[in-house]
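Reading through the structure tokens given below for one structure.
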Amino acid sequence: MFGPKRQCVVVVGAQWGDEGKGKIVDVLAERADVVVRYQGGANAGHTVVKGEDEFVLHQIPSGILHSGTRCFIGNGVVLDPETLLAEVEALEARGVSVTGRLFVSARAQLVLPYHKLLDQARERRQRIGTTGRGIGPAYEDKIGRRGLRVGDLRHAAQARELIVARVEWANMLLTTMGAEPASVEAHVALLERLAPRLLPLAADTGRMTYEALARGEFVLLEGAQGALLDVDHGTYPFVTSSNTTAGGAAVGSGIGPTAIDAVVGVVKAYTTRVGNGPLPTEAAAADGERLRELGDEYGATTGRPRRCGWFDAVVVRYAVRVNGLTDLAVTKLDVLDSMERIPVCTGYQLGSDPIDDVPPDVETLNSVRPVYEVLEGWRQPTTSARRLADLPPLARAYLDRLQDLVQVPIRYVSVGSRRDQIIC
């Protein structure tokens, strides 16, 4: 665990998302005072297992499962208010109280039904692999300075005027795409229904985070998706619409970058990806299916099967660079327990030329050939290990090799879905 000098820690995905960030945040949140979700929206899904119960959290930070932790949804998030309130109700129904512990930035942008209609209509035309949750169109409204923010709900007349104009504009686009238009009246009624429930949660979470740090409290900044889905640094255009890398943590939570003490990158012991786009180490059909079934690789938000492949050290080294990773957490090591031989990608080959970094364009990345080093599997269970010394020697050798390849210390190793199945 981190020492007292590390007071503000970012947790980011260092592959294509679905790395198990929720579990790592849950483990760290045991001693955290504040957990801040800093980007993305309801397109993300963090799965946390507490005892015999499994929780899938889409917008509420994973730290909500610790009763002493306050959770903030930062200004960098695009908030689906209906999904958020349904998530609150589901947690309360299962005995997890959020009262006085959950706050939403008044500066967070709202995702509304017309955003989802636009997202779904565009996906039918251009197969990017979005979840259809309206994330891209909501960020477009934000950047275009025409979005509706949580705090705007305090001013009902102005909010109504803005939403009428935005729905009418969206309907012009939807008509050109052959899609059904959105209802202006339904949007107005939605805001009137949601405002009394959402506004009590609204706060200046950036200031609250700053003040928590000033008091010496331990703050976790929780990201969604992964580095290779970052809108600037990912495999564009097969990316999300926000900055998923650690640089977005300061902007999306409302604090300065000098407040951050450490950046933990979360990776699976292999690689997965949902949707379209490059995946250089994608396994052959039989191996990919085996990894999928052993690892239960289906999206927490969409249920879509994930594409599976071998650990890609080129991708993780790239994530180290663009995030400034100080530590690594390796999840799902136990999924490899039955493998006899485990390939690890150490580099790429493009024609006769070696490549040791992720190319900036997907055409080139689609053309590379992974260079593999094949390691011997340990073929023993790891799920009961709680110290590195408990691992089979070949499992420890596998982790040592990954650490050598990416040049970042491995601080956490997850060997199962339960909260206690962790080596730290």
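Miscellaneous remarks
- Remark: pairs (first residue in region 371-384, over 24 Å from Arg419 (Cα atoms); second residue assigned to a loop (DSSP other than H, G, I, E, B) and not hydroxyl-bearing (Ser, Thr, Tyr); Cβ separation under 9 Å; 6+ apart in sequence or on different chains) = Tyr372/Trp310; Glu376/Glu340; Gly377/Asp337; Gly377/Met339; Gly377/Glu340.
- Scanning region 279-288 for residues that are assigned to a helix (DSSP H, G or I) and either of a type in the set (Asp, Glu) or touching a Phe, Trp or Tyr at 6+ places or on another chain (Cβ under 8 Å) (or both) gives a single hit, Asp287.
- Residue tally, condition on the phi > 0 side of the Ramachandran plot, open to solvent by 10 Å² or more (accessible area, probe 1.4 Å) and either free of Cβ contacts under 8 Å to residues at least 24 places away in the same chain or among the small types (Gly, Ala, Ser) (or both), over region 4-39: 1
- Any hit, region 315-327, residues being open to solvent by 20 Å² or more (accessible area, probe 1.4 Å) and either touching a Lys or Arg at 6+ places or on another chain (Cβ under 8 Å) or not in a helix (DSSP H, G or I) (or both): yes
- Of the candidates Leu291, Leu194, the single residue that is at pLDDT below 95, touching an Asp or Glu at 6+ places or on another chain (Cβ under 8 Å) and assigned to a helix (DSSP H, G or I) is Leu194.
- Looking only at region 335-379, and only at residues there that are in contact with an Asp or Glu (Cβ under 6 Å, 6 or more places away or on another chain) and in a strand (DSSP E or B), the one that is nearest to Gln407 (Cα to Cα): Thr346
- Pair list, Cβ under 7 Å, 6 or more apart: region 388-412 residue without any contact (Cβ under 8 Å) to a residue 24 or more places away in the chain, other residue of a type in the set (Phe, Trp, Tyr) and assigned to a loop (DSSP other than H, G, I, E, B): Pro392/Trp378; Leu394/Trp378
- Each residue in region 305-314 was checked for being at pLDDT 95 or above and either surrounded by fewer than 18 Cβ atoms within 10 Å (Cβ to Cβ) or in contact with a Cys (Cβ under 7 Å, 6 or more places away or on another chain) (or both), and 5 of them qualify.
- Only one entry in Ala159, Ala121 is out of contact with any strand residue (DSSP E or B) (no Cβ under 7 Å at 6 or more places or on another chain), under 19 Å from Val78 (Cα atoms), without any contact (Cβ under 8 Å) to a residue 60 or more places away in the chain and in a helix (DSSP H, G or I), namely Ala159.
- Failed item, numbered, when Ala389 is tested on (1) of a type in the set (A, V, I, L, M); (2) over 22 Å from Pro280 (Cβ atoms); (3) surrounded by 14 or more Cβ atoms within 10 Å (Cβ to Cβ): (3)
- Of all residues in region 98-128 being surrounded by 18 or more Cβ atoms within 10 Å (Cβ to Cβ) and small (Gly, Ala, Ser), the one that is modelled with the lowest pLDDT: Ala121
- Every residue from region 197-215 that is of a type in the set (Gly, Ala, Ser) and either in contact with an Asp or Glu (Cβ under 8 Å, 6 or more places away or on another chain) or without any contact (Cβ under 8 Å) to a residue 60 or more places away in the chain (or both): Ala212, Ala214
So that you can scan it fast, the table gives a plain yes or no per residue for (1) under 21 Å from Ala202 (Cβ atoms); (2) touching a helix residue (DSSP H, G or I) at 6+ places or on another chain (Cβ under 9 Å); (3) surrounded by 24 or more Cβ atoms within 10 Å (Cβ to Cβ); (4) small (Gly, Ala, Ser):
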| residue | (1), (2), (3), (4) |
| --- | --- |
| Gly41 | yes, yes, yes, yes |
| Val56 | no, yes, no, no |
| Thr69 | yes, yes, no, no |
| Glu89 | yes, no, no, no |
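- Positions within region 170-191 being open to solvent by less than 20 Å² (accessible area, probe 1.4 Å), closer than 26 Å to Leu85 by Cα and in a helix (DSSP H, G or I), in sequence order: Ala170, His187, Val188, Leu190, Leu191
- Residue that is nearest to Gly147 (Cα to Cα) [pool: residues in region 43-86 that are in contact (Cβ under 8 Å) with a residue 40 or more places away in the chain and of a type in the set (Ser, Thr, Tyr)]: Thr83
- One residue from Asp334, Asp353 being crowded, with 22+ Cβ neighbours inside 10 Å and of a type in the set (Asp, Glu): Asp334
- Matching entry among Leu79, Leu102 (being over 21 Å from Thr131 (Cβ atoms) and either in contact with a Phe, Trp or Tyr (Cβ under 9 Å, 6 or more places away or on another chain) or of a type outside the set (D, E, K, R) (or both)): Leu102
The values are calculated or read from the model by the stated rules, or taken from the named source; none is laboratory data. What you are looking at is a predicted structure, and each value in this text was computed from that prediction instead of being measured. Don't worry about glycine lacking a Cβ; one is built from the backbone with ideal geometry, like all the others, and counts go over all protein chains shown. Just the protein is used for accessible areas: all its heavy atoms, side chains included, with ligands, DNA and RNA removed. Shrake-Rupley method; radii C 1.70, N 1.55, O 1.52, S 1.80 Å.
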